[in-house]
Amino acid sequence: MFRATRSMIGLAGLVLALAGLSAPQAAADPLRGTGPRTAAVQHDEAVYVVQERADGTVYTAIYEPAAGVTPDELRASLRRQGIRGVQDAGATARADLGTLGCSPTVGTASALCGAKWTYGAYNDPQVYFLDHTSDSWPVSDAQVDWYQAPGIDAYYRWYTGGCPSGRHCVHTYNGNYGTDWYGQTSYTTSGGYFVDGSVVVRLNDQVTPNTYSARRSVACHEMGHALGLDHNGSTNSCMSVPEFPQHPSSDDFSVLNLLYPKAGT
Ligand SMILES: [Zn+2]
């Protein structure tokens, strides 16, 4: 997989070179744009919404700010829309962790706080990405990357196929969701586990450049959240912010391997 990753990066560089684009990497990054946000963006710049509900479940949504939108601007916009539970800067997925952890971590990669899949009848959690998106979003290609991850089995299915019995499903949509964010993953947890049917990925047509690399990066990123990963400070992971790399990193895979030890071992 990493051979493929490197060759694809090399190919992208070759294409840029042939196009006469010798500018710094940032200029070649469609997600960084030309707005004021020129520095590399760290993981805590995503915005988390956490709503603890009366029935004991917790709703969480993770938003990746679009280029030119600061996290504070995104927070203010979400609050203006009446969304409760917008977390302040530096907060991760859960303000109130209780006995639930945010581990494991490997390198700069880490699991979401208190949010993972159950195994059901299988040795590894079985997660199907149900694809409702249009052709411009390479959800199936991104799934191929995540399928390589140990510990969890990530499958692809066109949405009309429905959710296979006994498996987990993540509905994956695209649409015009405004100008604040590239992608969003939302989910409800109960006792630290994802509630079936509640995990949803939204990919924003309105601000994500309509290029394969940009859309694969955002798809890879949000699908990683849906498997239980938080952000990664590594520049070679699609879980970093901004989501320039198109692929997961070996640290992402290591976290998943630790998060989901094989049942019965
Ligand atoms: Zn994110």
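Under the rule of at least 5 residues apart or a separate chain, name every residue whose amide H is placed under 5 Å from the amide H of Y193.
K116
By average Cβ neighbour count within 10 Å, what is the ranking of 225-231, 71-77 from highest down?
Packing proxy ranking, top to bottom: 225-231, 71-77.
What percent does the relative contact order of the stretch 132-265 come to when contacts are Cα pairs within less than 8 Å and at least six residues apart? All intermediate terms of the calculation are to be shown ahead of the outcome.
Working: 228 pairs, mean separation 35.6, N = 134.
So the answer I get is 27 percent.
Explain nothing, just the number: relative contact order of the stretch 145-205, from Cα pairs under 8 Å at least 6 residues apart, as a whole percent. Don't skip to the end; give the middle numbers.
Details: 70 pairs, mean separation 21.1, N = 61.
Relative contact order here is 35 percent.
Decide, for the stretch 95-171, between rounded, prolate and oblate: order the square roots of the alpha carbon gyration tensor eigenvalues as a ≥ b ≥ c, take rounded if a/c falls under 1.5, and otherwise choose prolate if a/b is larger than b/c, else oblate. Present the calculation step by step, with values, prior to reporting the outcome.
Numbers: a/c = 1.95, a/b = 1.57, b/c = 1.24.
Prolate.
Of all the Cα-Cα pairs you can form in the stretch 123-265, what percent are over 20 Å apart?
The proportion of pairs with Cα distances above 20 Å equals 43 percent.
Only the coordinates and a few stated rules stand behind these numbers; no lab work does. Only a predicted model underlies this, so the values are computations on that prediction, with no experimental measurement involved. Positions of Cβ are generated from backbone atoms using ideal geometry, with glycine treated the same way; all protein chains shown enter the neighbour counts.
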